[in-house]
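Working notes, structure below.
Any read-out appearing in this document is the output of simple, stated calculations on the displayed coordinates, not a laboratory observation. Treat the numbers as computed from the prediction; the structure is a model and nothing was measured. Methodologically, a virtual Cβ is constructed for each residue, glycine included, from the backbone with ideal geometry; neighbour enumeration extends over all protein chains shown.
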Amino acid sequence: MTIRLLIVDDDPLVRAGLTLMLGGAEDIEIVGEGADGHEVPELVARLGPDVILMDIRMPRVDGLTATERLRALPGAPEIVVLTTFHADEQVLRALRAGAAGFVLKDTPPAQIVASVRRVAAGEPVLSPAVTRQLMTHVAGHQEQPRRAGAAARLAALAEREREVAVAVGQGRSNAEIAATLYMGVPTVKTHVSRILAKLGLNNRVQIALLVHDAGLLEDEGSP
C-alpha cells in the first residue's frame, strides 16, 4: 500500500526538507504541498491524500483551525500536527479536533516516517515528550463540568464497551486489550468501532482523552 501524503507548512525550507526526508520512503508518495491552512480543503479535494503532515503556526489559517474544519467533514484524511513546541493547550486542541498525532519538528526523520505509517494504519501517534506533557495537563486540569460531561457521554456505552474504552485510554493495543479482557482481536476492533460511532468520535486518541476527562483512569488504574 502506498501512503498518499500532503505536506502543509508556511516555511518552504521545511516543506523541502520534509519532502526530501519522506519522499525517500518506498511506501510514501508526496502528492502535494501547501503553505497555509486555507489551502487545505482544496488540496484535499483535488489530491486525495491519506495523511496530512501539517504545521500548527501559519499566517492566515493555522494548522489547528484547519484540522478542526477538515475533521468535521466525512471521509477526511488523517492528520499529524507538526510543530517546534509542545504547548499543552495546542496539543489538546489538535487531538480533541481529531488529529491522529502530534510530533515535534526536531523528531528524528525515521520517527516521522514511522509516525506517518502508523497514522495511515489507523494507529494514534504522539511523541514521548508530548505524551508526558499531555497526560500531566489532563490530570492537572480536571474541571468538574468537563468531567461530568465526559462521564455522561461514556454512560451511553455498554459495560464491555466501557472496559475497552478504559483500556484504550491506558494506551493498550488491540492485542493487549484482547489478552486483558479475554476476547478476540476482531471483537476488540468491533467494540472500538461501536464506541467511536456511539460517541461521535474520529479515532482512539479522542477516546483516550474522553476517558481521561471522565477520571476513569483514576478509578481503574493505568499500567
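Largest first, the extents of the alpha carbon coordinates of the stretch 1-51 on the three principal axes equal 29, 25, 11 Å. Taking the Cα centre of the chain as the origin and placing charges on Cβ (Lys, Arg +1; Asp, Glu -1), which of 212, 79, 1 is farthest toward the positive end of the dipole? Farthest towards the positive end: 212. The length gained on full extension between residue 29 and residue 176, counted as 0.36 nm times the residue separation minus their Cα-Cα distance, comes to 49.7 nm.
Radius of gyration (Cα atoms) of the chain, expressed as a multiple of 2.2 N^0.38 Å: 1.02. Working from label points 7 Å from Cα in the Cα-to-Cβ sense, the residue 114 to residue 16 distance is 2.9 nm. For residue 45 and residue 2, a Förster radius of 25 Å and the Cβ-Cβ distance give a FRET efficiency of 0.80, rounded to the nearest 0.05.
Projected over all directions and averaged, the alpha-carbon convex hull of the stretch 8-87 occupies 5.3 nm². The charge dipole of the chain, taken about its Cα centre with unit charges on the Cβ of Lys, Arg, Asp and Glu (plus for the first two, minus for the last two), comes to roughly 560 debye.
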